[in-house]
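One structure below.
The values are calculated or read from the model by the stated rules, or taken from the named source; none is laboratory data. Predicted model, so just to flag it, every value in this text is computed and none were measured. Counting neighbours? That spans all protein chains shown, and the Cβs are built from the backbone with ideal geometry, glycine included.
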Amino acid sequence: TCGICVEKCPFDAIEIINLPKELQDDPVHRYGENAFSLYGLPAPQEGQVTGILGPNGIGKTTAVRILAGELEPNLGRHDESPGWDEVLEAYRGTELQDYIADVQGGEVTISRKPQYVDQIPNSFDGNTRELLAQTDERGALDYLIERLSIGPVMEQSIDDLSGGELQRVAIAATLARDTDFYFLDEITPYLDMSQRVTAARLIRELAEDEDKSVLVVEHDLAILDLLADTLHVAYGEPGAYGVITSPKSVRNGINEYLSGYLDNENMRIRPNPIEFEEHAPRTGSHGDTLVEYPDLTKSYGEGEFTLEVEGGEIRENEVLGIVGPNGIGKSTFAKLLTGNLQSDEGDTDLNLDISYKPQYVTIDQHMRVDAFLSSITDQFGSSYWNTEIAQPLQLERIMEQNLSDLSGGERQRVAIAACLSDSADLYLLDEPSAHLDVEQRVQATSAIRRYAEQQDATVMVIDHDIYSIDLLADRLMVFDGEPAAHGRAGRPQSMRDGMNEFLANLEVTFRRDERTSRPRINKPDSQLDREQKREGEYYYAP
Ligand code: ADP
Ligand code: ADP
């Protein structure tokens, strides 16, 4: 069974024990006989940011298409069309009544940001200025360009933008429009921590100051927490059915989602909780030295960008976390280690065999996932490989698909598997969390960690999801400086010292949620924020 229901499955696929209340009613929409059904709709509210938290493939896009008036819901009667009158009748007395009446009257306009920004260049020819000019409807464009630091790439062709630049341009384009309803499907992929916080603040300003309705799907829980006023949890069986709950407070919604049990609905959505264990900060591994590197410098062009690296060592069997803003030289450092780039000063002839997962995963050959992975390792299909790699990365279901048909999250999981499956002296993963949902993130993180421990592998991970980094890393390397101008990399240090240095640069402090121990961003200038800054403890409880 899918673990949720056990009596009579509406899809005749599985046996059901106790039919969830939501599934006893008619769905909002069913695509066809035995096809995906959506139960429940999120309720956008003027002046508020409404969040949706749940896995991919659960009907979020379907719900938004209904709310945008693009898809007329059939109330489960896929062979007839009940029409908007009946839909309105079905929602009489609910918080959606007025909204649906507006949709019926054709009065709702929508602006939306797609999930996979990497695809924007396929549908737009031109530069950033031309793309953004089309969206300038409420006179906020200049402000958005400035806050999101888009200025330097205004004349650049959309084809040449990095993922992080595309993400910020797409957010600006969405927020610059003047519509009733805004939908943003994931804002954090490829953005660094301070860009994430800025994007969250801009979205809040749009809702609060302009009285707009905003709906956001987001998997970085610290950012979702900062962003949303209320939260709908989405659950179900991807591809079969999805249920969107009534709104909850953000804190309860996140906590219930993590615990796997929804209180109001009296519903178990997952057999096990997602645990946000609070562990003492790791003080570093004590393995032998894998490699020692000297002080290094590297400049591009006529000193357009200069990186200075303080010499240090990478130890055998450690997971080394790497944090810092975008454009500060993290990938440049990685390339110096792999020998793909020569330093100006300092010898980097390290002779290391490195397996590298780049930030932007481009695997899209016309090849099946199983063929691709078995070409990398002869361990493919062994019980060890299945338990340690395929299962935690949920690859079984997609083994027979073509690489080119995979979604962003699926491609990411295949790329992580490919990186870890190779045999190498050092495994280097750049932003493994991008496009993974919360559950996949936690599973991928523990798969990487466990792999390192069991294979005595040495791993370096660059990521902007602070919680993933804390779960993964033994020590931390912090980059700072001025993005696109000069970067400085300190030597690897203990997690506590590293987090304090990194978060002090950003002026952000974290506390732990009392119930689940998940990290939450403190309100700037709140009592806790001031106390922690005074004590210099930005992440770990003193
Ligand atoms: P999400 O946005 O949560 O990833 P979607 O709403 O895009 O999910 O899709 C939910 C499910 O509905 C998927 O299994 C998808 O294959 C299915 N689906 C989407 N559109 C159609 C359609 N036009 N006809 C049949 N099935 C569809
Ligand atoms: P990060 O990985 O921290 O995002 P990078 O190491 O990719 O940073 O880039 C640091 C800076 O160097 C950026 O401003 C980037 O545009 C610039 N840069 C990277 N590669 C080159 C190159 N081959 N030529 C010129 N500039 C480059």
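Structure above, values below:
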read-out: Criterion: surrounded by 14 or more Cβ atoms within 10 Å (Cβ to Cβ), free of Cβ contacts under 8 Å to residues at least 24 places away in the same chain and at negative phi - qualifying residue of TYR293, TYR261, TYR241; value: TYR261
read-out: Number of the condition not met by LEU428 [criteria: (1) farther than 21 Å from ILE314 by Cβ; (2) away from ligand 1 (no atom under 16 Å from the Cβ)]; value: (1)
read-out: Only one of ASP353, ASP344, ASP349, ASP364 that is out of contact with any Ser or Thr (no Cβ under 9 Å at 6 or more places or on another chain), of a type in the set (Asp, Glu) and more than 25 Å from SER494 (Cβ to Cβ); value: ASP349
read-out: Selection count, segment 352-391, where residues are without any contact (Cβ under 8 Å) to a residue 12 or more places away in the chain and among the polar types (S, T, N, Q); value: 8
read-out: Given (1) at pLDDT 95 or above; (2) surrounded by fewer than 23 Cβ atoms within 10 Å (Cβ to Cβ), index of the condition LEU175 fails; value: (2)
read-out: Any hit, segment 273-286, residues being at pLDDT 85 or above, over 30 Å from GLU537 (Cβ atoms) and assigned to a loop (DSSP other than H, G, I, E, B); value: no
read-out: Boolean, ASP125 is within 16 Å of ligand 2 (Cβ to nearest atom) and over 29 Å from PRO44 (Cα atoms); value: no
read-out: Residue within segment 149-160 that is touching a strand residue (DSSP E or B) at 6+ places or on another chain (Cβ under 7 Å), within 16 Å of ligand 1 (Cβ to nearest atom) and at pLDDT 95 or above present; value: no
read-out: Residue that is among the hydroxyl-bearing types (Ser, Thr, Tyr), at pLDDT below 95 and surrounded by 17 or more Cβ atoms within 10 Å (Cβ to Cβ), where the choices are SER194, SER213; value: SER194
read-out: Subset of segment 494-542 [small (Gly, Ala, Ser), within 20 Å of THR198 (Cβ to Cβ) and either within 24 Å of the chain's Cα centre (by Cα) or modelled with pLDDT under 90 (or both)]; value: ALA504
read-out: Residue that is farthest from THR332 (Cα to Cα) [pool: residues in segment 301-316 that are surrounded by fewer than 11 Cβ atoms within 10 Å (Cβ to Cβ) and either within 16 Å of ligand 1 (Cβ to nearest atom) or of a type in the set (D, E, K, R) (or both)]; value: GLU302
read-out: Set ALA228, ALA234: member being in contact (Cβ under 8 Å) with a residue 60 or more places away in the chain, surrounded by 19 or more Cβ atoms within 10 Å (Cβ to Cβ) and within 16 Å of ligand 1 (Cβ to nearest atom); value: ALA234
read-out: Given (1) farther than 21 Å from ILE52 by Cα; (2) at pLDDT 95 or above; (3) among the aliphatic types (A, V, I, L, M), number of the condition LEU184 does not satisfy; value: (1)
read-out: Segment 423-456: number of residues that are in a loop (DSSP other than H, G, I, E, B) and of a type in the set (Gly, Ala, Ser); value: 4
read-out: Any hit, segment 71-89, residues being more than 11 Å from ligand 1 (Cβ to nearest atom), touching a residue at least 40 places away in the same chain (Cβ under 8 Å) and in a strand (DSSP E or B); value: no
read-out: Among residues of segment 331-348, those that are closer than 22 Å to GLN359 by Cα and more than 10 Å from ligand 2 (Cβ to nearest atom), counted; value: 6
read-out: Residues (at pLDDT below 85 and either part of a strand (DSSP E or B) or in contact with a helix residue (DSSP H, G or I) (Cβ under 7 Å, 6 or more places away or on another chain) (or both)) located in segment 346-358; value: THR348, LEU350, LEU352
read-out: Those residues of segment 64-101 which are out of contact with any Pro (no Cβ under 6 Å at 6 or more places or on another chain) and under 13 Å from PHE183 (Cβ atoms), in sequence order; value: VAL64, ARG65, LEU67, ALA68, GLY69, GLU70
read-out: Condition met for GLU165 (surrounded by 15 or more Cβ atoms within 10 Å (Cβ to Cβ), closer than 29 Å to LEU436 by Cβ and without any contact (Cβ under 8 Å) to a residue 40 or more places away in the chain); value: yes
read-out: Every pair of residues 6+ apart whose Cβ atoms lie under 7 Å, when the first sits in segment 50-66 and is on the phi < 0 side of the Ramachandran plot and assigned to a strand (DSSP E or B) while the second is more than 9 Å from ligand 1 (Cβ to nearest atom) and acidic (Asp, Glu); value: THR50/ASP229; GLY51/GLU218
read-out: Filtered residue count, segment 479-499, keeping only those that are out of contact with any Lys or Arg (no Cβ under 9 Å at 6 or more places or on another chain) and buried (at least 23 other Cβ atoms within 10 Å of the Cβ); value: 1
